[in-house]
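Accompanying notes for the structure given below.
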Amino acid sequence: MPKSIFQHLVDSVNKDYEDTYAYVGKNFDFIRELIDKIALHIECSPGKDIYIVDEKGSKIAPYNFIQDAIIVDNECFFSFKLVISAPNIGFNVSSCGKSFFNKNLVPPSGIAMYISIKQEDDIFIVIAPSIKEEKVVTETFKIYSDNPLWTDLLESVTQVIINFSKKDLRYRINQLFEKSSQQLKPKGFNVTPDIKIINTSVAQDNNDV
């Protein structure tokens, strides 16, 4: 007996469920693998030193509910904020005052990078920060399922971290001066960088905030 129209509908919906689960599952697995690769490359601990944060800045361990921190854009890229945090006891704001802190002059405790990935057939497309002529830009990498080569992507992320590590107090002071100078100039087109300084642990009056 041929299938009824209703049974065709049921089978179609079930197949669609399976395909969708498989698709998002592969993308989430790739994100976890990417975090592991970066952690191994820079010799840190995934889930402790390197992790994803959600829109509220809450820490999401790589193997837990990362789907809650993923944003899917209009091109179906799975985008997320990856944090690499240097363990420390927190900067004592009372030692410099709130104004110094509010001007982003205190040392950062980590770095946050925006990364986007998308599966297309047997290829994963990765958009990640990169350094070109001492400037932070975005670069597209392709990871093939049948022959995954991670070297270029991992080296690019490494250079971003190295570049970030050079930005000391003098750099932050210069950035503040340049920002104040720009406010006096005509406004132009400004590209938002794909990397930013974060402060994941700051102490104020000897109490963590």
Enumerate the calculated ³J(HN,Hα) couplings along segment 90-97 in order (Karplus 6.51 cos²θ - 1.76 cosθ + 1.60, θ = phi - 60°), each rounded to whole Hz, writing x wherever the residue is Gly or Pro. x, 7, 7, 4, 5, 6, 10, x
Short version: ³J(HN,Hα) in whole Hz for each residue of segment 75-80, in order, from phi by Karplus 6.51 cos²θ - 1.76 cosθ + 1.60 (θ = phi - 60°), x for Gly and Pro, what are they? 9, 6, 7, 8, 9, 7
Please name whichever of 117, 131, 105 sits farthest to the positive end of the charge dipole of segment 94-137, dipole taken about the Cα centre and charges placed at Cβ: Lys and Arg +1, Asp and Glu -1. 105
For the residue 120, residue 95 Cβ pair and Förster radius 41 Å, calculated FRET efficiency rounded to 0.05 is 0.20
Interchain or long-range residues, amide H under 5 Å from residue 53's placed H: 60, 81, 83
Scoring segment 125-185 by relative contact order with C-alpha pairs under 8 Å, at least six apart, yields a percentage of 28
Pair-distance profile P(r), taking every C-alpha pair of segment 99-154, with 5 angstrom steps and integer %: 4, 15, 19, 18, 14, 11, 8, 5, 4, 2, 0
Compute the normalised compactness of segment 2-117: alpha-carbon radius of gyration over 2.2 N^0.38 Å, N being the residue count. 1.54
Leaving ligands, DNA and RNA out of it, report the carbon-plus-sulfur percent of the accessible area of the chain at a 1.4 Å probe. 53
Along each principal axis, Cα extent of the chain, largest first, Å: 81, 39, 37
The answer for residue 86, listing residues at least 5 apart or on another chain whose modeled amide H is closer than 5 Å to its amide H, is 110, 111
Relative contact order (percent) for segment 84-134, with alpha-carbon contacts under 8 angstrom and 6 or more residues of separation? 30
Which value, in debye to the nearest 20, describes the size of the charge dipole of the chain about its Cα centre when Lys and Arg Cβ atoms bear +1, Asp and Glu Cβ atoms bear -1, and nothing else is charged? 1200
Segment 43-49 - phi-based ³J(HN,Hα) in whole Hz, Karplus 6.51/-1.76/1.60, Gly and Pro as x: 6, 9, 9, x, x, 10, 9
Contact order relative to length for the chain, counting C-alpha pairs under 8 Å separated by 6 or more residues, stands in percent at 19
Using Cα positions and a limit of under 19 Å, work out the lysines in reach of residue 135, with same-chain residues fewer than 8 apart set aside. 166, 167, 179, 196
Expressed per residue, the solvent accessible area of the chain in Å² (1.4 Å probe) is about 66
Ranked by how many other beta carbons lie within 10 Å on average, peptides 75-84, 172-181 from highest: 75-84, 172-181
Taking the Cα centre of segment 28-102 as the origin, how large is its charge dipole in debye, to the nearest 20, when only Lys and Arg (+1) and Asp and Glu (-1) carry charge on their Cβ atoms? 420
Between residue 32 and residue 1, what is the FRET efficiency for a Förster distance of 45 Å, r being their Cβ-Cβ separation, to the nearest 0.05? 0.50
Taking the Cα centre of segment 61-142 as origin, sum charge times position over the Cβ atoms of Lys and Arg (+1) and Asp and Glu (-1), and report the length of that vector in debye to the nearest 20. 580
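The values are calculated or read from the model by the stated rules, or taken from the named source; none is laboratory data. Please read these numbers as outputs of a predicted model, since none were measured by experiment. All Cβ positions, even for glycine, are placed from backbone atoms using ideal geometry, and neighbour counts span all protein chains on display. Keep in mind that these areas ignore ligands, DNA and RNA; they rest on the heavy atoms of the full protein, side chains included. Shrake-Rupley method; radii C 1.70, N 1.55, O 1.52, S 1.80 Å.
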